[in-house]
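Heads up: the structure comes next, in structure tokens.
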Amino acid sequence: MKLNTLLITDYLDSEEGEIEDLFEESVYLKAVEMAYPDIELDFTEAEEKEKCISKKVKAAFERKDEEFEKWNPIRTLSEWARSGEKSISEKTKKRFEKIFREANKILK
């Protein structure tokens, strides 16, 4: 049996990334703000250098002694995708479409 693997980084302009990085950073940060309305999001210079957006956010939360659960903003993004929220760009939609197309080829 042939084993096929899809890597998120194959769909990003970066050598490192997670599923959150398929979204534009501004959109992901907006979802974080919606999921955590009481947390003011700002980043240190060191945090800005982090390549994965969820790791950057987690570092900022830890600095503020706050707990960050990365699935909370993903739930918001998922709701936006299902509702047709306009803040999810065509570029992001095309990334996901490409992943699903290639996954379907593997599963056939």
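Quick note: the coordinates plus some simple rules give every number you see, no bench work behind them. Owing to the predicted nature of the structure, the values given are computational and were not obtained by experimental measurement. Don't worry about glycine lacking a Cβ; one is built from the backbone with ideal geometry, like all the others, and counts go over all protein chains shown.
The angle between the Cα long axis of helix 25-35 and the longest principal axis of the Cα atoms of the chain comes to about 60 degrees, rounded to the nearest 10.
When the Cα positions of I8, A103, L29 are compared along the charge dipole of the chain, A103 comes out farthest toward the positive end, with charges on each C-beta of Lys, Arg, Asp and Glu. Rounded to the nearest Hz, the phi-derived 3J(HN,Hα) couplings of region 80-93 under the Karplus curve 6.51 cos²θ - 1.76 cosθ + 1.60 (θ = phi - 60°) are 4, 5, 5, 8, x, 3, 6, 6, 7, 6, 4, 4, 5, 4, where x marks glycine and proline. When only the Cβ of Lys, Arg, Asp and Glu is charged (+1, +1, -1, -1), the dipole of the chain relative to its Cα centre reaches about 980 debye. According to the square roots a ≥ b ≥ c of the eigenvalues of the Cα gyration tensor, what is the shape class of region 8-96, taking rounded for a/c under 1.5, prolate for a/b larger than b/c otherwise, and oblate for the remainder? Verdict is oblate for region 8-96.
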